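Participant: Can you read through this structure? Questions will come right after.
The values are calculated or read from the model by the stated rules, or taken from the named source; none is laboratory data. Bear in mind the structure is a predicted one, so any value in this text is a computation, not a measurement. Because the Cβ atoms are built from the backbone with ideal geometry, glycine has one as well, and the counts that use them run over all protein chains shown.
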Amino acid sequence: SEMLALEGVEKGYNRGKPSEVIVLRGASLTVARGEVVALVAPSGAGKSTLLHIAGLLDTPDAGAVRLDGRAMGGLSDRARTEARRAEVGFIYQFHHLLPEFSALENVVIPQLANGVAKAAAEARAMELLEKVGVGARAGHRPAALSGGEQQRVAFCRALANAPKLLLADEPTGNLDPATSDQVFGVLMDLVRATGLSALIATHNLELAARMDRVVRLAGGRVT
Ligand code: ADP
Ligand code: ADP
């Protein structure tokens, strides 16, 4: 069964103005439960727009979004935000960790925001950090960690609330090739171990080939 479905999604910016740009022109895509799909797109093709719509950060102008079988179309902003917090994890090219908090705290905070008690949140955070090999760095702030370690912490943060769907935008794009390769392996192990469904945008065709399926975004459609 499908975890994510986009059907005929259309999205433009500055509609009706001279600066209008139509980005998605009927994009359709599914991610099955437990499936890891690579999204390959040239720069400017609308990859971020598509990920934001899939992740309930933005709404389409037309078309449908379903998450775990539930239509997202009629939701209020508040219901959509709640669904996003509970069900979607995001990873970006840059880690976006909070600089004044430790690695552990960065993984704890989203759980507190989701109503998890502090002790349970800390236990889960530690378990995740250990899984990706940065348990010994839990007390350090992001600036004290290497790029690869920072990104591993970002993976833990994305998975902290046990989302159903992981969305990643060039998750290792900011790392050197050897580190990227290694850290991508860590991410795939983590995703497989949790049976997570994932849509991972990348320019790296070698990484794309390690996923279950590759889709391409061009001309506003997915092929
Ligand atoms: P990608 O992630 O594939 O590089 P984006 O989804 O970021 O592509 O952007 C697709 C197109 O939409 C680009 O031409 C970009 O300039 C334009 N765009 C993205 N966001 C906005 C916005 N908020 N306002 C106007 N144009 C935008
Ligand atoms: P909010 O404070 O807007 O409710 P959350 O804290 O629930 O957002 O964020 C959920 C996820 O979405 C986080 O991983 C966060 O980094 C990401 N996120 C929130 N807003 C944006 C945005 N405008 N662009 C990209 N990612 C965002």
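Participant: Do the conditions hold for VAL215, that is, is it closer than 22 Å to PHE94 by Cβ and either among the hydrophobic types (A, V, I, L, M, F, W, C) or without any contact (Cβ under 8 Å) to a residue 24 or more places away in the chain (or both)?
Facilitator: Taking the combined requirement at face value, the residue does not satisfy it.
Participant: Working carefully through the options GLY173, GLY148, find the one that is within 16 Å of ligand 1 (Cβ to nearest atom), touching a helix residue (DSSP H, G or I) at 6+ places or on another chain (Cβ under 8 Å) and more than 24 Å from ALA5 (Cα to Cα).
Facilitator: From the options GLY173, GLY148, the qualifying one is GLY173.
Participant: Out of all the residues in the stretch 39-48, which are buried (at least 21 other Cβ atoms within 10 Å of the Cβ) and either within 13 Å of ligand 2 (Cβ to nearest atom) or in a loop (DSSP other than H, G, I, E, B) (or both)?
Facilitator: Result: GLY46, single match.
Participant: Looking at (1) closer than 30 Å to SER180 by Cα; (2) within 12 Å of ligand 2 (Cβ to nearest atom); (3) among the hydrophobic types (A, V, I, L, M, F, W, C); (4) not in a loop (DSSP other than H, G, I, E, B), which is the one condition that is false for LEU57?
Facilitator: Every condition holds for LEU57 apart from (4).
Participant: Right, another one. Could you grab me the full set of residues in the stretch 66-95 that are more than 16 Å from ligand 1 (Cβ to nearest atom), assigned to a loop (DSSP other than H, G, I, E, B) and either over 19 Å from ALA125 (Cβ atoms) or at pLDDT 95 or above (or both)?
Facilitator: ASP68, GLY69, MET72, GLY73, GLY74, LEU75, SER76
Okay, residues lined up against (1) touching a Lys or Arg at 6+ places or on another chain (Cβ under 9 Å); (2) crowded, with 20+ Cβ neighbours inside 10 Å; (3) over 22 Å from GLY55 (Cα atoms); (4) touching a residue at least 24 places away in the same chain (Cβ under 8 Å):
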residue	(1), (2), (3), (4)
LEU67	yes, yes, no, yes
ASN106	yes, yes, no, yes
LYS118	no, no, yes, no
GLU127	no, no, yes, no
GLN150	no, yes, yes, yes
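Participant: Give LEU128, LEU112, LEU98, LEU104 a once-over and let me know the one that is assigned to a helix (DSSP H, G or I), more than 16 Å from ligand 1 (Cβ to nearest atom) and either more than 30 Å from ARG66 (Cβ to Cβ) or charged (D, E, K, R) (or both).
Facilitator: Only one candidate passes the filter, namely LEU104.
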